[in-house]
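Trainee: A single structure is presented below for examination.
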Amino acid sequence: MLILENVPHLMYGGGGTWFEQVRRSLRLAGYWFRESSCWVANVKDYTSIPQDRERLFLVAASRKHFSYNPFVPPEEPSGGNATRTITDIVDRSSPSAEEDYLPQDNQYRLMIEEAMAAGESQENLYQLRRSYVREKRNGLCPTLTANMGIGGHNIPFVRDAWGIRRLRVSEVASLQGFVGTDLFPANMPQHERYRLIGNAACPALVEIVANQCIRAMDDSHGED
């Protein structure tokens, strides 16, 4: 079985032509695949991780090994599943590296300070958009993206006792569901680490869809 991951907009982009191109390509490559073989899931709904990240999983089954595609999407949970909080992951108890903090002369500092002052909570994360600053409420992290590797302003901000800073690599890694500290080669630049984390699939969601594939394979083989 083949598992692909992308943004949900893939199903509707180009008036549906993007998805149709994927469907056609998978079938030409020898896979059973159709729209019912897709699963749209949000990290905050299916895992303990407080990130608002909706993703599309496309599951195809090889025609060499299956007479049909047995994949059935997991059942939708009855309520939110995120049990960890931003406070559990973002460390405000000690200062971060100096380069993580916004300098006083930063062109976006005033905009971010004003948004934080007017925000619902100083505990929330804030994200600089093209022309405004967005507060992410309900104790969640906004969707982490590969654009974090382009520049510091694409990384969510938080206020601590030492100033306004971007989230650390270790913090965004945890918010993406990665465990441990030895995730990257020691000589890998910081911006590349942010990019890879933002572009990654949440391991906890991947595990859910992989286990669902295993159950589907077991069930289909039991029917033979």
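Trainee: If we scan the stretch 156-163, do we find a residue that is of a type outside the set (A, V, I, L, M, F, W, C), assigned by TED's automatic domain parsing to the domain that holds residue 107 and under 14 Å from residue 193 (Cα atoms)?
Mentor: no
Trainee: May I ask you to verify whether residue 95 is closer than 26 Å to residue 197 by Cα and in the same structural domain as residue 23 (by TED's automatic domain parsing)?
Mentor: no
Trainee: Is it true that residue 54 is charged (D, E, K, R), modelled with pLDDT of 95 or more and closer than 25 Å to residue 214 by Cβ?
Mentor: Yes: the conditions hold for residue 54.
Trainee: Checking the structure you have, find out if any residue of the stretch 107-115 is of a type in the set (A, V, I, L, M, F, W, C), more than 25 Å from the chain's Cα centre (by Cα), within 30 Å of residue 194 (Cβ to Cβ) and not assigned by TED's automatic domain parsing to the domain that holds residue 215.
Mentor: yes
Trainee: Still on this model: Could you count how many residues in the stretch 91-141 are hydrophobic (A, V, I, L, M, F, W, C) and closer than 13 Å to residue 165 by Cα?
Mentor: Within the stretch 91-141, residues that are hydrophobic (A, V, I, L, M, F, W, C) and closer than 13 Å to residue 165 by Cα number 6.
Trainee: Kindly provide the set of residues from the stretch 36-53 that are loosely packed, with under 15 Cβ neighbours inside 10 Å and either touching a residue at least 60 places away in the same chain (Cβ under 8 Å) or over 30 Å from residue 140 (Cα atoms) (or both), ordered by number.
Mentor: Once the filter is applied, which keeps residues that are loosely packed, with under 15 Cβ neighbours inside 10 Å and either touching a residue at least 60 places away in the same chain (Cβ under 8 Å) or over 30 Å from residue 140 (Cα atoms) (or both), the stretch 36-53 yields only 48.
Trainee: Still on this structure, please answer the following. Here are the criteria: (1) assigned by TED's automatic domain parsing to the domain that holds residue 158; (2) in contact with an Asp or Glu (Cβ under 6 Å, 6 or more places away or on another chain); (3) among the aromatic types (Phe, Trp, Tyr); (4) in contact (Cβ under 8 Å) with a residue 60 or more places away in the chain. Tell me which single one residue 57 does not satisfy.
Mentor: (1)
Trainee: Within the stretch 185-214, track down each residue that is under 24 Å from residue 42 (Cβ atoms) and assigned to a loop (DSSP other than H, G, I, E, B).
Mentor: Listed by number, the residues that qualify are 200, 201, 202.
Trainee: For the stretch 91-118, which positions are more than 20 Å from residue 144 (Cβ to Cβ) and in a loop (DSSP other than H, G, I, E, B)?
Mentor: Matches in the stretch 91-118: 93, 94, 95, 103, 104, 105, 106, 107.
Trainee: Continuing with the same structure: Does residue 180 qualify as being within 23 Å of residue 46 (Cβ to Cβ), at pLDDT below 90 and either surrounded by fewer than 18 Cβ atoms within 10 Å (Cβ to Cβ) or outside the structural domain of residue 96 (by TED's automatic domain parsing) (or both)?
Mentor: The answer is yes for residue 180.
Trainee: Which members of the stretch 167-184 meet the condition of being in a loop (DSSP other than H, G, I, E, B) and either at negative phi or hydrophobic (A, V, I, L, M, F, W, C) (or both)?
Mentor: Across the stretch 167-184, the qualifying residues are 167, 168, 176, 178, 179, 181, 182, 183, 184.
The values are calculated or read from the model by the stated rules, or taken from the named source; none is laboratory data. Just so we're clear, the structure is a prediction, and the values are computed from it rather than from any experiment. Reconstructed Cβ throughout: ideal geometry from the backbone, glycine too, with neighbour counts over all protein chains shown.
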